[in-house]
Amino acid sequence: MYYFIIDLEATCWKFPKTREEQEIIEIGAIAINAYGEKCDSFQSLVKPFIHPKLSYFCEELTGITQSQVDHAPDFIEVFDQFTLWIENYEHHHFSSWGAFDEDLLRINCYQNDLDPFWNRKFANLKKQYQRIKNLRKPIGLKSAVEREGFEFTGRHHRALSDAENTAKIFNRYLDEWIFE
């Protein structure tokens, strides 16, 4: 059994647009085996098509520059690389910190006439963490990492860094996540 912890970064604005107008600009993922050991990682920037110019807000939030996405492959190419990477692992489950990543990935697939590669819902670790810790409301990734006594490493709002930090919490509660 393998677990994929997926994080996405997307085009964003100070005054948000609809989810359908957001495009993935970075995919980061960690593959973890049944013992909680990191096996591999995936990371790629993605060139946006609908709104090819990143907002100042987006560049500041993510640290991803216009030049970086201008030279990145498009979503179809990155999605193909990502699915090939996933196919290296049999019997797997997907998870992310919150529902945003699954929703955005599904929307971007449909917009590009691609079939989503997963047949079950992602485990929403943010919501499940709320249940596990008996919190009144869900909390953000950085707050959860710090609450667990871990140091948040890398840059917040970069896909691979966020996936790696999510993995710290994932491993702490490895036997408590529910995959439906």
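Since every read-out is calculated from the coordinates, none of them should be taken as a lab result. All figures in this text were calculated on a predicted structure; none of them were measured in a lab. Neighbour counts run over all protein chains shown; Cβ positions are idealised from the backbone, glycine included.
Descriptive notes on the structure:
- Qualifying residue in region 96-117 (condition: crowded, with 20+ Cβ neighbours inside 10 Å, in contact (Cβ under 8 Å) with a residue 12 or more places away in the chain and of a type in the set (D, E, K, R)): yes
- Restricted to strands (runs of 3 or more DSSP E) entirely inside region 1-89, those with at least 2 residues that are under 19 Å from residue 110 (Cα atoms) and of a type in the set (Asp, Glu) are 2-10.
- Residue 10 vs. criteria closer than 20 Å to residue 125 by Cβ and surrounded by fewer than 17 Cβ atoms within 10 Å (Cβ to Cβ): no
- Any hit, region 65-80, residues being within 26 Å of residue 144 (Cα to Cα) and out of contact with any Asp or Glu (no Cβ under 8 Å at 6 or more places or on another chain): no
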